[in-house]
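The next block holds one structure in the form of structure tokens; read it before the comments.
The values are calculated or read from the model by the stated rules, or taken from the named source; none is laboratory data. If you're wondering where the values come from, they're calculated on a predicted model, not measured in any experiment. Neighbour counts run over all protein chains shown; Cβ positions are idealised from the backbone, glycine included. When the accessible area is computed, the model is the full protein with side chains, heavy atoms only, and any ligands, DNA or RNA have been set aside. Shrake-Rupley method; radii C 1.70, N 1.55, O 1.52, S 1.80 Å.
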Amino acid sequence: MTVSARLDWGVTYQVTVLELGLACCGVEVMAALDRLPDLGVTLAQGAGEAHVLVVSGTVTDAMLPAVIRSFEAMPEPRYVISVGACSNTGGPYWDSYSVTKGIDQALPVHVAVPGCPPRPEALLEGLKALHGLVNA
């Protein structure tokens, strides 16, 4: 499937993405955001209208409650994509006392996109992987 091909998410809801760019991976994710409409995905204005939460970058223990609140404010069905080594495992900061050792410790992660930082196309591949999970 090419990047410009639309993903058929079904007719029951429109897929909206809430992006929490917390560090350098957030810059790479922002580079991919302009391609989302080509895939049939829109950006959410707030957590209340998002179906997919994209967490990218270092999640600190101080930031974790806000990330969890954003997830809990999302309507069902809701999914999480973790982008980058820091969000997935704590990355190079894993041994810091203030870094969450992976967002999967607090939220159900459906797709983990590897890399430090991952290229913008990696987020698009992550969305395709989530599409495969949703429509399986």
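Does segment 29-72 hold any residues that are of a type in the set (D, E, K, R) and either closer than 15 Å to Glu121 by Cα or modelled with pLDDT of 95 or more (or both), and which are they? Please lay out each step first, then the result.
So the first thing to find is which residues in segment 29-72 are of a type in the set (D, E, K, R), and the list is 34-35, 38, 49, 61, 69, 72.
Passing the criteria: Asp34, Arg35, Asp38, Arg69, Glu72.
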All-but-one check, Lys101 against (1) over 26 Å from Arg35 (Cα atoms); (2) surrounded by 20 or more Cβ atoms within 10 Å (Cβ to Cβ), failing number (2)
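Looking at segment 71-89, which of its residues are of a type in the set (Val, Ile, Thr) and open to solvent by 60 Å² or more (accessible area, probe 1.4 Å)? I'd like the intermediate steps shown before the answer.
Pass one, segment 71-89, residues of a type in the set (Val, Ile, Thr): 80-81, 83, 89.
Result: Thr89, single match.
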Taking first residues from segment 89-102 that are in contact (Cβ under 8 Å) with a residue 12 or more places away in the chain and second residues anywhere that are open to solvent by 80 Å² or more (accessible area, probe 1.4 Å) and small (Gly, Ala, Ser), the pairs with Cβ under 8 Å that are 6 or more apart or on different chains are Ser98/Ala62
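Kindly indicate which of Cys86, Cys25 is modelled with pLDDT of 90 or more, farther than 17 Å from Leu133 by Cβ and outside any loop (DSSP other than H, G, I, E, B).
Details: Cys25 fails: modelled with pLDDT of 90 or more.
Cys86 is the lone residue from the list that is modelled with pLDDT of 90 or more, farther than 17 Å from Leu133 by Cβ and outside any loop (DSSP other than H, G, I, E, B).
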Cβ-Cβ distance below 9 Å, separation of 6 or more or different chains: which pairs start in segment 55-82 with a residue that is free of Cβ contacts under 8 Å to residues at least 12 places away in the same chain and end on one that is surrounded by fewer than 16 Cβ atoms within 10 Å (Cβ to Cβ) and assigned to a loop (DSSP other than H, G, I, E, B)?
none
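May I ask you to say which residue of Pro37, Pro65, Pro92 is closer than 14 Å to Leu107 by Cβ, open to solvent by 50 Å² or more (accessible area, probe 1.4 Å) and not in a loop (DSSP other than H, G, I, E, B)?
Pro65
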Of the residues Ala129, Ala106, which single one is among the hydrophobic types (A, V, I, L, M, F, W, C) and more than 19 Å from Ala32 (Cα to Cα)?
Ala106
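Among the residues of segment 95-118, which ones are outside any loop (DSSP other than H, G, I, E, B) and β-branched (Val, Ile, Thr)? Write out each step before concluding.
Of segment 95-118, the ones outside any loop (DSSP other than H, G, I, E, B) are 99, 103-105, 111-113.
Val99, Ile103, Val111, Val113 - these are the residues of segment 95-118 that are outside any loop (DSSP other than H, G, I, E, B) and β-branched (Val, Ile, Thr).
Mind listing just one residue for me: the one in segment 104-136 that is among the small types (Gly, Ala, Ser) and within 13 Å of Ser56 (Cβ to Cβ) and, of those, surrounded by the most Cβ atoms within 10 Å (Cβ to Cβ)? Please lay out each step first, then the result.
First, pick out the residues of segment 104-136 that are among the small types (Gly, Ala, Ser): 106, 112, 115, 122, 126, 129, 132, 136.
Checking which are within 13 Å of Ser56 (Cβ to Cβ) leaves us with 112, 115, 122, 126.
Details: Ala112: 19, Gly115: 14, Ala122: 19, Gly126: 23.
Across segment 104-136, the extreme among qualifying residues is Gly126.
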For the structure I just gave you, tell me whether Val80 is assigned to a helix (DSSP H, G or I), of a type in the set (A, V, I, L, M), at pLDDT 90 or above and under 19 Å from Thr16 (Cβ atoms).
no
